[in-house]
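The values are calculated or read from the model by the stated rules, or taken from the named source; none is laboratory data. Keep in mind that this is a model prediction, so the values were computed, not measured. We place every Cβ from the backbone using ideal geometry, glycine too, and count neighbours over all the protein chains shown.
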Amino acid sequence: MTDALSLVDDWGPEKIVVVSHRRTGMKGVLVIDNTARGMGKGGTRMSPTVSVGEVARLARVMTWKWASVDLFFGGAKAGIVADPTSPDKEEVLRAFARALSNEVPREYVMGLDMGLTENDAAVIQDELGDRGAAVGTPAQLGGVAYDRLGVTGYGVAEATDAAAHHLRLPLAGSRVALQGYGAVGHAAARRFAELGATIVAVSTAQGALHDPAGLDVRALEAAREEHGDGFVTRHPAGTVIAPGQELTVDCDILVPAALQDVIDGSTAHQIKAKLVVEGANLPTTPEAQTVLENRGIHVLPDFVANAGGVVAAAFAMDARYSGFRPETPTIFDTISTRLRENAVTVLDEAARRAVTPHAAGRGLAERRVREAMVSKGRIRA
């Protein structure tokens, strides 16, 4: 079990709340990492393997992500140890929301992450009797349904396009391999296709599909709609490969958009892409980042590449009480502008300082958070 005190450093966490409920078997955790720039805001995930350490790492990513896009919220994350396909999901979710009624929404606003849907956000609002308790609710409840809009995947593709152009690797005609074809991956694939890229590999938890000549994105979407994650083993086009092999296929751009720590030092030596774009949170280990940098492979950090979701969440935060939803083009235009600018800024800073893009991007975010901490008297100048 993670020693909570061992997680504390100069940035946070400010608060770790572990909760449980005997009758439902609910176990969960909330980590509020750093609120110098605003109240805690981050997604809530549901998975049988959630741990305090995992949620703390993700909360820290949120601190850097909000600072990276220069929006005034603080890093936070929550997790529920449960199977999101369980028939008891709603009961567990309601118990979790009740257990955090002291913190939500005064210190933390729940959002969507792995295992939760728009309707789950609505359940949280209902349980706490407060429209401000969660964002990402269905449009019919006045929410900005950013998960359905595919904003994170769209932002990943936009950031990739800007980074590739900056590195003189035109996206049009480039071969892209995607690990993960869920909410982020399939939306990214759609935008990549619109920008002229060729999708050569995709994967789900049930397998991976590869075609060096390119996969038809519309056919992939139709197959996913019909068969769920199992579409990769039923799709008539392409070759079924073992899970994980999609990371090492011959491609120009690799987008890990599934889970954390999937690319370690060993895998990094096998990657053939020229650019790795982190669609998931924490998909590369520090060792892998060093290996990739030494091999001349650029890595666009997660807190830059997949920040489209937080930009949309900021719109949702503004709309959570008023019910006045921004026009969808406004959300997408803002995501495109902010993520493209950040991608180029981070790559330029990395080249100027001769460090990895992770170090460069984190340095920029740290400076913004530190300035806020000084302004509030939390640390000395």
Out of all the residues in the range 213-248, which are more than 11 Å from residue 186 (Cβ to Cβ) and among the β-branched types (Val, Ile, Thr)?
232, 233, 239, 240, 241, 248
Here are some residues: 319, 343. Which one is out of contact with any Phe, Trp or Tyr (no Cβ under 8 Å at 6 or more places or on another chain), modelled with pLDDT of 95 or more and part of a helix (DSSP H, G or I)?
343
Report every pair of residues separated by at least 6 positions or lying on different chains whose Cβ atoms are under 7 Å apart, first residue within the range 143-170 and outside the structural domain of residue 344 (by TED's automatic domain parsing) and modelled with pLDDT of 95 or more, second surrounded by 24 or more Cβ atoms within 10 Å (Cβ to Cβ) and in a helix (DSSP H, G or I).
none
Being assigned to a loop (DSSP other than H, G, I, E, B) and touching a residue at least 60 places away in the same chain (Cβ under 8 Å) is the filter; apply it to the range 59-72 and report the residue that is farthest from residue 341 (Cα to Cα).
71
Which numbered condition residue 250 fails, given (1) of a type in the set (D, E, K, R); (2) within 20 Å of residue 114 (Cβ to Cβ); (3) part of a loop (DSSP other than H, G, I, E, B):
(2)
Restricting attention to the range 13-34, does a residue exist that is out of contact with any helix residue (DSSP H, G or I) (no Cβ under 6 Å at 6 or more places or on another chain), farther than 25 Å from residue 380 by Cβ, free of Cβ contacts under 8 Å to residues at least 40 places away in the same chain and not charged (D, E, K, R)?
yes
Within the bounds of the range 175-190, is there any residue that is more than 22 Å from the chain's Cα centre (by Cα) and without any contact (Cβ under 8 Å) to a residue 24 or more places away in the chain?
no
Name every residue in the range 92-126 that is part of a helix (DSSP H, G or I) and aliphatic (A, V, I, L, M), in order of residue number.
92, 93, 95, 97, 99, 121, 122, 123, 124
Boolean, residue 233 is assigned to a helix (DSSP H, G or I), at pLDDT 90 or above and hydroxyl-bearing (Ser, Thr, Tyr)
no
